[in-house]
Structure formats: C-alpha cells, structure tokens
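First comes the structure, then the notes that go with it.
The values are calculated or read from the model by the stated rules, or taken from the named source; none is laboratory data. This one's a predicted model, so the numbers in the text were calculated from it and none came from an experiment. Glycine also receives a Cβ, built like all others from the backbone with ideal geometry; neighbour counts cover every protein chain displayed. The protein model used for the area step is the full one, side chains on, heavy atoms only, and it has no ligands, DNA or RNA in it. Shrake-Rupley method; radii C 1.70, N 1.55, O 1.52, S 1.80 Å.
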Amino acid sequence: MTQTRVQANIGLSAMTLDRDLKQVPVYRYRVIIESGFEEQDSPVILTRKAARLAAGRNNWQPVTDVAHFVVASLQTLDNLNIDAYGCQYTLEFETEAVLDASVDKERDAIERLLNQDLYRAAYQLARQRDAQGDQILKACRHAGWTELEETQPSERIGIQSDYLDLFKTLRLTPELLPDGQVILGLSIRHKICAHAGITLDWVIQKRPHWLKDIRRVRHRYVDPGKSAMVADLHGVAADKSADSLVPGTTQSIYEYHASRGRILTAEADNIRSSQVVRVSYGRSDKFEHLAALLEPMFDFETLQKIDSRLLNSIARDLKWPVMERLKASGKMVKGLALPGFAAKVVPAKSSERAVDNIRPRFSLRFHNGRSGDKEKDVLQFKAYQGMTRTQVVCLAVGTKVQPEVLSTHFQKLQAACQKLCADPLPPWKGVMSVSPLKNALELDARLSKTPQGNTLLVIALDKSVNKAEIRDVAFRHKLACQFMLTDHRPNTYQTSYYANLAAGVFSKGGGLICGLDEMPGEVDLFIGLDMGGVSQRAPGSAFLFTRNGVQLGWQLADLQSGERLGDEALASLLHKSIQEYARHHNSDVPRRITIHRDGRFFESFDVIQSVERQYDVSISVLEVIKSGAPILFRKYQHAGKPVYKNPEVGDVYRYVGLNELILATYSGQELGAWGDKVSVRPLRLRKRYGDESLEALAKQVLLLSRIHGASLYRHPRLPVTTHHADRFATLRQSCSIEALSYMDRTCPVYL
C-alpha cells in the first residue's frame, strides 16, 4: 500500500465545526471579591469559581478565567453583582479583547469556553428531541468534555434484569488546534446503571450479600448542569439512623438533605426509614449518608462477583463494531449547533498532514540470537534467558480439589514451563504430594517453620479464597507467588492456559522470555511512572526497562496526595532508577531516559531538569493516556459503498501544531474472530518534555507493547512500562503496602 493510500484511508471518530476559531472576540471583566471565598485557595481556583458562578447567574453564557481575577465571556454579561452560594463579588467591565488559538494559555481558555457552549448546545438539542418525541437525550457537563446520554435503555442490549439497565452515552471532547481547527472527539459506550428505583437501601434490604462487593455509589440527586457525584462505599453505619445528627450541627441527616431539596414527597417515608452508610470522596475522611439517596454502581468487576451469569449474557453485545459506533455517534449529534460560537457541528475530514502509519519492524530476540515477531515464538525458539530462582514450591490453600487433581495441574504447569526454556528448570517441590493448607494462617506457620530462600511459590486456590491475605503472607516472607485457580470451567484447562500460566511463573522466577532489537532513538532507560490513584495510602511507583526490553525492577515512592507526585518523591524515584541502572551496567549511568507517565504529568519539570544536571543525562517525558481518545478507523470501498474497519498497527492521527497524537497499537486481525466485532481502542500520546521526537517516542511505545512476560497469546495495548504500572496500581489497592515493601524489587510481583 502506498503512503498516499494509507493517508487517505485513516480516519478519526470525531466531528468539527463549520468555522475555525483562530481568533475569538471576548469581553473581559475584573473580579472584585467582597466575601464568601476561601482565602487559602489559589488565585486560579478563586477566579474559576467566580467564572462558574457568573455563568450560572447569566443564563449559563460561557465564562472562563484568562488571568488572576480576570474573566472573559463570549457575550456581554447582564448580571455583574453576583451573590450565590454565600459568595459575593462584582464584575467590572475592562475591555473587548481577542483570544488567539496560537497562544497556549489563550487556546486553553477558548477550549474551556468551547466546552461550556458545547454543553449549552447539547442541552438545547436534548430539549428539541424531547419536543419532537424523537430520540430522548439528557446533557451533562464535565470539566473537559460534555456528555449526551439516551434516557431510554439501549436497544442493542437484550437484558432481562430487575435491577440493571444499560444506556448509550456519547462523550464529546472539544480540542482546539493552534491553527483554529476544532476537533470534537466522539467516544460512545454503554453506561451500566441501577434500574430506576433501585437504591443502595434496596440492596441492603433485598440483596444484603451483594454489599461486600459494591465498592462505589452514585448520588441520586444532582446540581443543575453537573453530573452526579460518586463516592467510595465503606459499609453500613449500624449505630446511625436518618434522625441521627449531622456531626457539628443540630440538623438530622434527613433534615440536612430535605433542606437542600433532595427528597421527593413520594419518597419521604422510604428515605426517613433508610439505612445509613459511610462513604468517602477520594480522601480519608468518611461521611454518613442515607442509603436511599444513593444508587449502587455496577461496574464489570462488581457484576462479575455478584451476578456473573448476567454479565456473561450482555458482554457480547457490549462490543461494538467500528461501523456501528460511527453510525450511532452520528445519530446522537445530528443537528448539534453551538449558540455562543454561532457554529454547526459537521463531519471531520482527515488531512494528509494528520494521518500516517509509523509501524517499525517488530524483532524479538530469543535463545541463541534467534528472532521472531511475537512472544508466542518462545515455544519454538526458547527463552532469551532462563530462570534464576533456586526452586519452585507448589502449594494449595483453601481449595476443595482432590490432591491427585492438584498434582496433575502442577505436572502440566511444570511441563509447560520447561517448554519455554532451553536449559533445565530449577527444582520443583510439592508437585507429586499435595496436602492443601486451610488458610493464610496455616501458610504463614508453614513458611515460618521452613524458611524458603530465593523461592517462587505456585499456589493453587479456589475463587472463594481471600487471595490478598495469602499474597500478603508470601510477601512478608519475601517470596513472590503465582496463583492458579482450580475451579474454572473444565474446558478452560487447555494447553494455552498452562502456557500462559507458565509464562508468569517463568518471568517471576527471574526468566526473560524475549528481548527487543532495533529500538528507535538513543534511549538507554525507560521509566514507567504511575501514581496509583488519588487516595493517600497508595504511593507512586516506577518501572524500569532497558532499551532491549529487559526489566531492571520496580521502585516505590513515598505516599502522595492526589494525582501529583511530590517533588522530593519524584526526585527520589529518579535517583533510585538511575542508580539501579548503574548497578546493572558497571556503574555507568544512562545517557538518555524516557519517562512514560501513566496519564497526565502533573509533576515538576524543575525536578526533571535538576536530575538532568546532576547526572548529565537527557530526559524525555511522554504522557500515555489509555482512555478517552477517539477511535481510529480505516475506510474502504466495497461494492461502491464505504466500509469502516479497525486500524492497522501503527496508524496515527496527529494533532497538527501540537506534540501529541492518537496511536493504534492493535489491529482487528490480531483479535482473530473478534476482529470485526469490536472497536480497537487507541492510545493518546502527548510529549511534554525533552528533545526526542514524538515519532520516535511513538515507535518506542509500539515496540514496548509487543512484550508482556505473562501472556503468550495477547500482547498488551499499553507499552510494557505503563502496562505493568497499571497492573501494579491494581495490586496495591488489594495488598498490604507494608508486606509489599519486603519484596525483591526485581521480581514482577504484579503479573
């Protein structure tokens, strides 16, 4: 395929406006604060709060901050004396001005105005559809995007449930390029919601055994123009009732919500008799809430635990082919027009400057220098490096499976592990004689009585066993472990099952399935950086890989607050990473480092520059954003009609004028029979710092997505750096950080 044809065939699931926004006229106002604002808040927070309140008091006309205590609006504002939610201030007109899209800060301001106007457009469209009796929608505004949601359950999913509904939702993410072009990214999916009238109190009364598996809840009430708040659930407050006082007040919990108009007359009796639960909002503080004013959130993980049969029945229909996604998205936005910008939403067309395919040659190195293009080739060429653990010990904890069946599992696993390696494996113990232990306490006693050095545990258990407790015991004894479930369906235990399990055993045992050849650029060390969520208990982490894909280990940072790693913690992580590299390379430090940040990089570039000066290294920072990017597709002609299919590996859509792009690391062909039945999700890559080119950074991501270490038949969508960081973040939510701190940092415990 020629380059020209490649460019002509790649598209982005997005819309645009029928006019560009290179220069946007606005009205500037000075904010004169009188009372009601928190003095400790930064000028940016104060000004944005003032802008938000000003918009609400002026018929939701778009208003945003453009400088400290200066706001701008698309139209003149009628109400300049604002008194809302206890805040009082005055807007003083300064001048008419023009925001220029080629200036970074001004482009950001235009984007914020654009998103506000997009919400107004979505709200108006929803009202029009309602009046016409057409596809009924509702609109929600978020910090960086607007969402359209159908109010009737999706016709695509045939679901029979007394507690669950699924709705089509479309996220529209406005982005402005320096040349004034607007891209409205479209991301459509199904939203899983509690059925109307199903509250958390209903769960407590009707399905109490579900409560332990429901992690998050959503408010049933919302503020105008906003989406419902989400909270973490911490269980029932059995000693409280709706008549209990809100701490520090003379109001009961019921009276508190009633005074804010959150209780409908028809529901008053049920809400007054509601159970009280404890929730939190991303911080350690817990609050008491009425269960009848909350609805349970049923994500995939929760459904898998409480109703796996229902989840399996709807899972197939949740997968959308590209063509269906594009048609459904187009139908939902038909007729959308932005009133403030006087612009219509129209289909976007890809320019030749925006699209390309940058796939490099995939060459994986195996035993004795042999090469292949996928990890599964290890079955033919054998592993690049053998295991370094001195023994593998097989155990069973809490499982009801008979010892002879366990022995058969272990024998097949050992044989599959040997197929990966050209050299003999280290000794395996416990394969033939298995006496299951009852629980984690018995495992702890066993390991205390017979200490195991440089050992990998293979632990068989059932789904009912508390895996986290057992893993913490192993970690405290400085032992990595590989779990094997014994109660899968019988047809699960095929050759491929044991091969994948063996890959995990092999990797945790110090083996290396393959390495990478011909890495683009001159990078020596890759660091995958992850914050592990927004809770205080989860520290940041770094994952280290050399340019040929060899893992050097992982590092933990101090506990951080929020999504930003503190300066000292970031500096410490970088120092430890460089020192770990030097320890494996005759005390030589890396000359070039690439940091892959899982999500947005909110950290300090001053710290990056300080480390560069201290070690005389060059550092590049790339954000790897795994969700929210519009899908890529390829358009073909078949029998005179356009056909849309998944992209090829390496297809990209560049945001012209910005250092970012959308990249496909998977293709439909790689998904086999599912290739035309699902939509491949691309990554969004944003270069934030350094002198390495964005194209070289993107090619590096492609190559690093070819290796995993514990899955021979599916490579990760993410580069191995942030893929392992993401898995590690999940692990840290379920294990003891104190226990994890005992582990050997070179062992991939998160596989």
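Of all residues in the stretch 125-164, which are among the acidic types (D, E), in a strand (DSSP E or B) and more than 23 Å from the chain's Cα centre (by Cα)?
Applying the first criterion (among the acidic types (D, E)) to the stretch 125-164 yields 130, 134, 147, 149-150, 155, 162.
Applying the additional criterion that residues be in a strand (DSSP E or B) yields 147, 149-150.
The one that is among the acidic types (D, E), in a strand (DSSP E or B) and more than 23 Å from the chain's Cα centre (by Cα): E150.
Give the number of residues within the stretch 500-510 that are touching a Ser or Thr at 6+ places or on another chain (Cβ under 9 Å) and open to solvent by less than 10 Å² (accessible area, probe 1.4 Å).
Residues flagged as touching a Ser or Thr at 6+ places or on another chain (Cβ under 9 Å) and open to solvent by less than 10 Å² (accessible area, probe 1.4 Å) within the stretch 500-510 amount to 3.
Which one is surrounded by the most Cβ atoms within 10 Å (Cβ to Cβ) among residues in the stretch 461-481 that are more than 12 Å from V393 (Cβ to Cβ) and either hydrophobic (A, V, I, L, M, F, W, C) or more than 29 Å from the chain's Cα centre (by Cα) (or both)? Lay out the reasoning, then the answer.
The first filter runs over the stretch 461-481 and keeps only residues more than 12 Å from V393 (Cβ to Cβ), leaving 461-473, 475-476, 478.
Okay, now just the ones that are also either hydrophobic (A, V, I, L, M, F, W, C) or more than 29 Å from the chain's Cα centre (by Cα) (or both), so 461, 465, 468, 470, 473, 475-476, 478.
On the way: L461: 22, V465: 21, A468: 15, I470: 23, V473: 26, F475: 21, R476: 18, K478: 17.
In this case the residue turns out to be V473.
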Notebook entry, point to check: When residues of the stretch 47-80 are filtered for being touching a Pro at 6+ places or on another chain (Cβ under 8 Å) and among the aromatic types (F, W, Y), how many remain?
Noted result: 1
Next item on the list: Could you figure out which of (1) modelled with pLDDT of 90 or more; (2) farther than 24 Å from G511 by Cβ isn't true of Q669?
Entry: (1)
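Looking at the stretch 174-198, which of its residues are in contact with a Lys or Arg (Cβ under 7 Å, 6 or more places away or on another chain) and either among the polar types (S, T, N, Q) or over 28 Å from H142 (Cα atoms) (or both)? Give the derivation first.
Step one: filter the stretch 174-198 for residues in contact with a Lys or Arg (Cβ under 7 Å, 6 or more places away or on another chain), giving 176, 178-180, 187-188, 190.
Correct list: S187 only.
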Item checked: Subset of the stretch 364-375 [surrounded by fewer than 19 Cβ atoms within 10 Å (Cβ to Cβ) and within 29 Å of the chain's Cα centre (by Cα)] -> D373, K374
Check: So which residues in the stretch 56-67 are open to solvent by 20 Å² or more (accessible area, probe 1.4 Å) and within 23 Å of Q23 (Cβ to Cβ)?
Finding: Q61, V66, A67
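Within the stretch 1-83, which strands (runs of 3 or more DSSP E) (wholly inside it) include 3 or more residues that are hydrophobic (A, V, I, L, M, F, W, C), within 30 Å of V680 (Cβ to Cβ) and touching a residue at least 60 places away in the same chain (Cβ under 8 Å)? I'd like the intermediate steps shown before the answer.
Working: elements: 10-12, 14-17, 23-35, 63-67, 70-73.
So the answer is 14-17.
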Check: If you go through the stretch 734-747 one residue at a time, do you hit one that is in contact with a Leu (Cβ under 9 Å, 6 or more places away or on another chain) and of a type in the set (V, I, T)?
Finding: yes
Checklist line | Pairs with Cβ under 9 Å, 6+ apart, first in the stretch 660-676 and surrounded by 24 or more Cβ atoms within 10 Å (Cβ to Cβ), second in a loop (DSSP other than H, G, I, E, B) and of a type in the set (F, W, Y) | finding: L661/Y655; I662/Y655
Item checked: Filtered residues of the stretch 572-620 (kept if touching a Ser or Thr at 6+ places or on another chain (Cβ under 7 Å) and over 16 Å from V523 (Cα atoms)) -> D598
Check: Taking into account only those residues within the stretch 532-555 that are open to solvent by 10 Å² or more (accessible area, probe 1.4 Å) and under 20 Å from the mean Cα position of the chain (by Cα), which is modelled with the highest pLDDT?
Finding: G533
Checklist line | Number of the exception - F167 against (1) among the aromatic types (F, W, Y); (2) farther than 30 Å from R207 by Cβ; (3) in a strand (DSSP E or B) | finding: (2)
Notebook entry, point to check: Given the conditions (1) within 22 Å of the chain's Cα centre (by Cα); (2) closer than 24 Å to Y581 by Cβ; (3) of a type in the set (D, E, K, R), and given that R745 satisfies all but one, which numbered condition is not satisfied?
Noted result: (1)
Note to self: What's the number of the only condition in (1) buried (at least 17 other Cβ atoms within 10 Å of the Cβ); (2) under 30 Å from P296 (Cβ atoms) that A143 fails to meet?
What the structure shows: (1)
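For the stretch 583-604, name all the residues that are loosely packed, with under 14 Cβ neighbours inside 10 Å and in a helix (DSSP H, G or I).
So the first thing to find is which residues in the stretch 583-604 are loosely packed, with under 14 Cβ neighbours inside 10 Å, and the list is 583, 586-588, 591, 600, 602.
Hit for the stretch 583-604 is R583, nothing else.
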Check: Which of (1) open to solvent by less than 10 Å² (accessible area, probe 1.4 Å); (2) of a type outside the set (D, E); (3) more than 27 Å from F633 (Cα to Cα); (4) over 22 Å from the mean Cα position of the chain (by Cα) is the odd one out, the single condition A343 does not satisfy?
Finding: (3)
Next item on the list: Kindly list, by first and then second residue, each pair from a residue in the stretch 410-433 that is within 13 Å of L457 (Cα to Cα) to a residue that is open to solvent by 50 Å² or more (accessible area, probe 1.4 Å) and modelled with pLDDT of 95 or more, limited to pairs with Cβ atoms under 8 Å and residues at least 6 apart or on different chains.
Entry: W428/Q414; V431/Q411; V431/Q414
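Among the residues of the stretch 412-449, count how many are over 26 Å from E469 (Cα atoms), assigned to a helix (DSSP H, G or I) and either of a type outside the set (K, R) or open to solvent by less than 50 Å² (accessible area, probe 1.4 Å) (or both). Quick ask: steps written out before the conclusion?
Let us first name the residues in the stretch 412-449 that are over 26 Å from E469 (Cα atoms), namely 412, 415-427.
Filter once more, so that each one left must be assigned to a helix (DSSP H, G or I): 412, 415-420.
Among the residues that remain, those that are also either of a type outside the set (K, R) or open to solvent by less than 50 Å² (accessible area, probe 1.4 Å) (or both) are: 415-418, 420.
So the answer is 5.
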Notebook entry, point to check: Which one of these is open to solvent by 70 Å² or more (accessible area, probe 1.4 Å) and modelled with pLDDT of 90 or more: R216, R171?
Noted result: R216
